[in-house]
Amino acid sequence: MALTPEDLRYTEEHEWVRRIGPTRVRVGITDYAQSQLGDVVFVQLPDVPRTADAGESVAEVESTKSVSDIYAPFAAKIVVVNEELTAAPETLNADPYGAGWLFEAEADDASWLDTTLGELLDAAGYQGVIGG
């Protein structure tokens, strides 16, 4: 059974979102996603800074099985990427909720971010998506 931490928000595209500041979040792929991908061999991170629309493809994760797009969970400015993944893409498999994060995004307004995060799936909702 895939790990689904209670303190995160989730998308139906198998990404997690962790608030790390009033207007900033960190984004990665879920444990379920990395297990479905298999061994991750390459990560193409977005250029920063970059403004992205909700649902826009901003990165790619390549595994021995396939290539998967990573989408912006909401409209925001991508401000930081996890450069460590360039040299060690397998970190996505080993620690998807920790060292395997992909990027950080900045919203314009804290109250807007509150509302937007509230619209994403909670852990129970995401478990419903993956059949957990």
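Could you grab me the full set of residues in segment 1-10 that are open to solvent by less than 60 Å² (accessible area, probe 1.4 Å) and touching a strand residue (DSSP E or B) at 6+ places or on another chain (Cβ under 7 Å)? The answer is L8, Y10. Residues in segment 5-23 that are outside any strand (DSSP E or B) and within 13 Å of the chain's Cα centre (by Cα): L8, T11, E12, E13, H14. I want to confirm something. Restricting to segment 91-105 and keeping residues that are open to solvent by 50 Å² or more (accessible area, probe 1.4 Å) and either of a type in the set (A, V, I, L, M) or in contact with a Gly (Cβ under 9 Å, 6 or more places away or on another chain) (or both), which single residue is nearest to E62 (Cα to Cα)? The extreme case among them is A94.
Exactly one residue out of S63, S111 is without any contact (Cβ under 8 Å) to a residue 24 or more places away in the chain, farther than 15 Å from W16 by Cα and hydroxyl-bearing (S, T, Y), and it is S111. Out of A105, A99, A54, one residue alone is on the phi < 0 side of the Ramachandran plot and either touching a residue at least 60 places away in the same chain (Cβ under 8 Å) or not in a loop (DSSP other than H, G, I, E, B) (or both). It is A105.
So for segment 24-38 (the condition being of a type outside the set (F, W, Y), part of a loop (DSSP other than H, G, I, E, B) and buried (at least 21 other Cβ atoms within 10 Å of the Cβ)), does at least one residue qualify? Checked segment 24-38: at least one residue is of a type outside the set (F, W, Y), part of a loop (DSSP other than H, G, I, E, B) and buried (at least 21 other Cβ atoms within 10 Å of the Cβ). Looking across segment 1-40, just one residue is touching a helix residue (DSSP H, G or I) at 6+ places or on another chain (Cβ under 7 Å) and small (G, A, S), and that is A2.
Cβ-Cβ distances below 8 Å connect the following pairs, each with a first residue in segment 69-89 that is over 24 Å from A110 (Cβ atoms), a second residue that is part of a loop (DSSP other than H, G, I, E, B) and open to solvent by less than 40 Å² (accessible area, probe 1.4 Å), and a separation of six or more residues or different chains: I70/L102; E83/L45; L85/L45; L85/G100; L85/L102; T86/L45.
Being open to solvent by less than 30 Å² (accessible area, probe 1.4 Å), in a loop (DSSP other than H, G, I, E, B), over 22 Å from P5 (Cβ atoms) and not aliphatic (A, V, I, L, M) is a property that holds for P46.
The values are calculated or read from the model by the stated rules, or taken from the named source; none is laboratory data. Since this is a predicted model, take the numbers as computed values, not measurements. For neighbour counting, all protein chains shown are included, and Cβ atoms are generated from backbone atoms with ideal geometry for every residue, glycine included. Please note that ligands, DNA and RNA were not included when accessible areas were found on the heavy atoms of the full protein model with its side chains. Shrake-Rupley method; radii C 1.70, N 1.55, O 1.52, S 1.80 Å.
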